[in-house]
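Engineer: Pasting a structure here, questions to come.
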Amino acid sequence: MPNLLTLFRIVLTPLLVIFLINKRMDLAFLIFILAGVSDGLDGFLARVMNQKTKIGAILDPIADKALLASSYVTLAVTGLIPNWLAVTVISRDLIIVFGVIVLFLFHSGVEIRPSVISKLTTLFQLVTIFFVLGASVFSVRITVLVTCLFIVTAILTVASGLHYLYKGFMLLATE
């Protein structure tokens with residue numbers, strides 16, 4: 001069941017992008033909330049029902065990255081978030097993916113676990129999207145809050161990326 005919810009979240013991502021492109025912010029907001037609820041629910045069910053699987057451990061971060069990357073790129077293209085923020089978020093993810101590939105090739109038995117700063121980064125990235133979409137749907141001007149979210153999200157994203165780079169270099173140095 002948890003893996004089905006993760007797959008459901010992956011399927012929701014293209015719908016979110018379509019609604020954003022078509023300026024259907026109400027439906028995009030609804031899809032985003034649904035994706036968030038399914039994310040929390042799949043993790044909860046996996047723990048409670050003792051159904052943690054290797055495929056789930058791989059699919060869940062892929063679903064998160066697909067949702068976040070698609071959201072940031074589309075929101076930047078539509079002008080709802082600054083381009084620099086989208087580039088920061090996407091660049092960090094690309095660096096992490098590249099780093100995982102390098103570690104996989106040169107370091108045996110690497111287990112990737114999200115750090116506290118990485119979890120906090122993901123939380124702020126999600127909250128930023130939530131407030132941007134919510135402000136758009138409800139025609140609320142919360143520019144100071146959203147601007148602060150942009151800055152904090154960018155700082156956490158860069159710090160998390162640097163943290164992963166440091167961890168990766170330390171693992172490679174032990175070889």
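Engineer: Does I62 meet the test of being modelled with pLDDT under 95 and of a type in the set (A, V, I, L, M, F, W, C)?
Structural biologist: Numbers: modelled with pLDDT under 95: yes; of a type in the set (A, V, I, L, M, F, W, C): yes.
It is true that I62 is modelled with pLDDT under 95 and of a type in the set (A, V, I, L, M, F, W, C).
Engineer: Here's something else I'd like to know. Return yes or no: is A46 over 28 Å from M170 (Cα atoms), in contact with a helix residue (DSSP H, G or I) (Cβ under 6 Å, 6 or more places away or on another chain), crowded, with 18+ Cβ neighbours inside 10 Å and at pLDDT 95 or above? Walk me through it before giving the result.
Structural biologist: Working: over 28 Å from M170 (Cα atoms): yes; in contact with a helix residue (DSSP H, G or I) (Cβ under 6 Å, 6 or more places away or on another chain): yes; crowded, with 18+ Cβ neighbours inside 10 Å: yes; at pLDDT 95 or above: no.
In short, no.
Engineer: Out of all the residues in segment 100-147, which are surrounded by 14 or more Cβ atoms within 10 Å (Cβ to Cβ), over 16 Å from S71 (Cβ atoms) and modelled with pLDDT of 85 or more?
Structural biologist: I117, S118, L120
Engineer: Is it true that some residue in segment 151-165 is surrounded by fewer than 17 Cβ atoms within 10 Å (Cβ to Cβ) and modelled with pLDDT under 85?
Structural biologist: Residues of segment 151-165 that are surrounded by fewer than 17 Cβ atoms within 10 Å (Cβ to Cβ), as a first pass: 151-152, 155, 158-159, 162-163, 165.
Applying the additional criterion that residues be modelled with pLDDT under 85 yields none.
Scanning segment 151-165, I find no residue that is surrounded by fewer than 17 Cβ atoms within 10 Å (Cβ to Cβ) and modelled with pLDDT under 85, so the answer is no.
Engineer: Do the conditions hold for I90, that is, is it of a type in the set (V, I, T) and modelled with pLDDT of 95 or more? Reasoning before the result, please.
Structural biologist: Working: of a type in the set (V, I, T): yes; modelled with pLDDT of 95 or more: yes.
In short, yes.
Engineer: I'd like to verify a number: residues in segment 97-147 that are at positive phi and under 19 Å from the mean Cα position of the chain (by Cα), how many? It would help to see each step written out before you state the result.
Structural biologist: Start the filter on segment 97-147 by keeping residues that are at positive phi, which leaves 109, 139.
Next, only the ones that are under 19 Å from the mean Cα position of the chain (by Cα) stay: none.
Summing the residues that are at positive phi and under 19 Å from the mean Cα position of the chain (by Cα) in segment 97-147 gives 0.
Engineer: Same structure, new question: One residue is enough: does segment 83-91 have a residue meeting the conditions at positive phi, surrounded by fewer than 17 Cβ atoms within 10 Å (Cβ to Cβ) and more than 12 Å from the chain's Cα centre (by Cα)?
Structural biologist: Within segment 83-91, the subset at positive phi is none.
No, segment 83-91 contains no residue that is at positive phi, surrounded by fewer than 17 Cβ atoms within 10 Å (Cβ to Cβ) and more than 12 Å from the chain's Cα centre (by Cα).
Engineer: Can you pull out the residues in segment 91-111 that are in contact with a helix residue (DSSP H, G or I) (Cβ under 6 Å, 6 or more places away or on another chain) and among the β-branched types (V, I, T)?
Structural biologist: Once the filter is applied, which keeps residues that are in contact with a helix residue (DSSP H, G or I) (Cβ under 6 Å, 6 or more places away or on another chain) and among the β-branched types (V, I, T), segment 91-111 yields I95, I96, V110.
Engineer: Of all residues in segment 16-43, how many are over 16 Å from F130 (Cα atoms) and surrounded by 12 or more Cβ atoms within 10 Å (Cβ to Cβ)? Steps first, answer last, please.
Structural biologist: Filtering segment 16-43 down to residues over 16 Å from F130 (Cα atoms) leaves 18, 21-22, 41-43.
Still in the list and also surrounded by 12 or more Cβ atoms within 10 Å (Cβ to Cβ): 18, 21, 41-43.
Of the residues in that region, 5 qualify.
Engineer: Can you find even one residue in segment 19-30 that is polar (S, T, N, Q) and touching a residue at least 12 places away in the same chain (Cβ under 8 Å)? Spell out how you get there, then give the answer.
Structural biologist: Of segment 19-30, the ones polar (S, T, N, Q) are 22.
The next check asks that each one be touching a residue at least 12 places away in the same chain (Cβ under 8 Å); those that pass are none.
Taking every residue of segment 19-30 in turn, none turns out to be polar (S, T, N, Q) and touching a residue at least 12 places away in the same chain (Cβ under 8 Å).
Engineer: Which residue out of D26, D42 is under 16 Å from the mean Cα position of the chain (by Cα) and acidic (D, E)? Reasoning before the result, please.
Structural biologist: Values: D26 fails: under 16 Å from the mean Cα position of the chain (by Cα).
Just a single option satisfies the conditions, and that option is D42.
The values are calculated or read from the model by the stated rules, or taken from the named source; none is laboratory data. Remember, predicted model here, so these are calculated numbers, not experimental data. Here Cβ is always computed from backbone atoms with ideal geometry, including for glycine, and neighbour counts include all displayed protein chains.
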